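Novice: First, the structure itself, so that you have it in front of you.
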Amino acid sequence: MRRVVITGAGTVNPLGDDVATTFAALREGRCGIGPLEIRDVDRLSIQIGGQIKGYAEADHFNRQQLALYDRFTQFALLSARQAIAQSGLTFSGELADQSGVVLGTSGGGLTTQDENYRAVYEEGKNRVHPFIVPRLMNNAAASHVSIEWNLRGPTFTVATACASSNHAMGQAFNMVRSGMSKVMITGGSEAMLCFGGIKAWEGLRVMSKDACRPFSATRNGMVQGEGAAVYVFEDYEHAKARGAEILCEVAGFAMSSDASDIVTPSKQGAARAIAGAVRDAKIPVDSVGYINAHGTGTAANDKTECAAVADVFGHHADRLMISSTKSMHGHLIGGTGAVELLACVMALRDGVIAPTIGYQEADPECALDVVPNEARGADVDVVLSNAFAFGGLNAVIALRKYS
């Protein structure tokens, strides 16, 4: 089995339009959640979100491209540009055939759907643009990344709700590790901050009207966000031979299904995925120093996740740091695991643990070190990133410091 390393990273999210800006925001505990600036926001009971403000699509794409690119595709392409540029890779010949794309998303082209449903049902139009289907399909972002960089290997999209990115990155990891691919471009993207997207989530009654406060006794729900993060997963020997800068190593991955309830999380299912990732990485449980939590800010998720961590790590759980960066950028649904992996890379590379901001009052059922409100310096060698989705689908990635 081959070693797999990360040689490039890129992002567009509510905290910043690149990795460096995002790292700075995570270190500062800056909040990217604020009032939504979308059409018909006055008809929504939830009017906050982790929205990318000041984004002008025409600054990045021409009219012909925008006819094909939903907002989630745009975010993925911009993130991929950064990641591939940092990696220094060009794709031609045999390498192009051995390189592919796996991205995660949940809503896909939901903004395009929302706009066109409005046009047909509310405005009474009888025709839509001929490219609506290729614009809204969930595989659009992965396909356009493949087209732009001549990536001719395995290319597809994973849609597992809030675990989509982690499932996608896990598949990419296994493809490189098995030798199926030399390089995989992977991550996730989401753009659900439109009237229809927010209105649908309102119906679940799990949304906060003021802030995301994971693990705090005063929490009152999740907050949605938007954006993307994309990485270059590369065969270690290939990266080493070309003298690439290596950000960190992908050490392990595991996934599980609760097989119990469509919305209520299971401690056992989450624990099996966490333990599986540690086992797959072939590391002792006490070597894990930090976990980027799923940490949505709902009571069901927070308590279940903390219980699962305690079950897997035993006494070591008291020495672990676990934080939820959703408190800063919101829940990017299918793109969230990809953006959260940035906090894991920062922990390994810079020795900085991103905080859980908005923390006000301890919850005895979340009695772990949740790194409240302020970032912390710490030397960690192994980190985990948790993702637990509606449908009972769990995916956990382990990263290791490169040496």
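The values are calculated or read from the model by the stated rules, or taken from the named source; none is laboratory data. Everything numeric in this text was worked out from a predicted model, so none of it was measured. Heads up, the Cβs are rebuilt from the backbone with ideal geometry, glycines too, and the neighbour counts pull from every protein chain shown. These accessible areas exclude ligands, DNA and RNA; they are computed on the full protein's heavy atoms, side chains included. Shrake-Rupley method; radii C 1.70, N 1.55, O 1.52, S 1.80 Å.
Novice: Give the separation of the Cα centroids, the range 327-403 to the range 291-320, in Å.
Specialist: With the range 327-403 and the range 291-320 each reduced to a Cα centre, they are spaced 11 Å.
Novice: Could you work out which residue, out of P14, P214, P35, moves most in a Gaussian network model of the chain, that is, has the largest mean-square fluctuation with Cα springs under 10 Å?
Specialist: Of P14, P214, P35, the most mobile in the Gaussian network model is P35.
Novice: I've got another one for you. Hey, how many Å between the Cα centroid of the range 201-279 and the Cα centroid of the range 21-42?
Specialist: For the range 201-279 versus the range 21-42, the Cα centre distance is 20 Å.
Novice: From the protein chains alone at 1.4 Å, what is the descending order of accessible area for Y236, Y290, Y359, largest first? Intermediate results must be reported in sequence, preceding the final value.
Specialist: On the way: Y236 25, Y290 0, Y359 50 Å².
From most accessible down to least: Y359, Y236, Y290.
Novice: Using volume of the Cα convex hull per residue in Å³ as the read-out, say which of (i) 143; (ii) 126; (iii) 227 was calculated from these coordinates.
Specialist: (ii)
Novice: Which one, I397, M207, N150, is farthest towards the positive end of the dipole of the chain when Lys and Arg carry +1 and Asp and Glu -1 on their Cβ?
Specialist: Sorting the options by dipole projection puts first N150.
Novice: Which shape class applies to the range 252-400: rounded if a/c is under 1.5, otherwise prolate when a/b exceeds b/c and oblate if not, where a ≥ b ≥ c are the square roots of the Cα gyration tensor eigenvalues?
Specialist: Working: a/c = 1.36, a/b = 1.13, b/c = 1.20.
In terms of gyration-tensor shape, rounded.
Novice: Residues with beta-carbon under 11 Å from that of R349, excluding R349: net charge, scoring Lys, Arg +1 and Asp, Glu -1? Present the calculation step by step, with values, prior to reporting the outcome.
Specialist: Numbers: positive: K401; negative: E245, D350.
Net of charged neighbours comes to -1.
Novice: Rounding to the nearest 20 debye, state how big the charge dipole of the range 12-70 is about its Cα centre with +1 on each Lys and Arg Cβ and -1 on each Asp and Glu Cβ. Show your work: numbers first, answer last.
Specialist: Details: 6 positive and 9 negative charges, 23 e Å.
The calculated dipole for the range 12-70 is roughly 100 debye.
Novice: Provide the net charge surrounding G10, with neighbours chosen by a C-beta distance below 12 Å and charges set as Lys +1, Arg +1, Asp -1, Glu -1.
Specialist: Working: positive: R81; negative: D17, D18.
Result for the neighbourhood of G10: -1.
Novice: Normalising by the residue count of the chain, find the relative contact order in percent from Cα pairs under 8 Å and 6+ residues apart. Display every interim value, and only then the final one.
Specialist: On the way: 1101 pairs, mean separation 96.8, N = 403.
Over the chain, the number comes to 24 percent.
Novice: Moving to a separate point now. Of K53/K199; K303/K326; K267/K401; K53/K326; K209/K326; K282/K401, which pairs sit farther than 23 Å apart, going by alpha carbon to alpha carbon? The partial results should precede the final answer.
Specialist: Numbers: K53/K199 20 Å; K303/K326 16 Å; K267/K401 28 Å; K53/K326 17 Å; K209/K326 15 Å; K282/K401 14 Å.
Pairs exceeding 23 Å: K267/K401.
Novice: Oh, and also: Where only protein heavy atoms count, and the probe is 1.4 Å, what is the accessible area per residue for the range 4-241 in Å²?
Specialist: 39 Å²
Novice: Could you size up the charge dipole of the chain around its Cα centre, putting +1 on the beta carbon of Lys and Arg and -1 on that of Asp and Glu, and report it in debye to the nearest 20?
Specialist: Details: 35 positive and 42 negative charges, 110 e Å.
Here the size comes out at about 520 debye.
Novice: Where the accessible area of the range 252-400 is counted over protein heavy atoms with a 1.4 Å probe, how much of it, in %, is carbon and sulfur? Intermediate results must be reported in sequence, preceding the final value.
Specialist: On the way: 2530 of 4880 Å².
The C+S portion of the solvent-accessible surface of the range 252-400 is 52 percent.
Novice: Let me check I've understood the local charge: for D363, count other residues with C-beta under 9 angstrom from its C-beta, Lys and Arg +1, Asp and Glu -1. What total comes out? Display every interim value, and only then the final one.
Specialist: On the way: positive: R219, K303; negative: D302, E361, E365.
Result for the local shell: -1.
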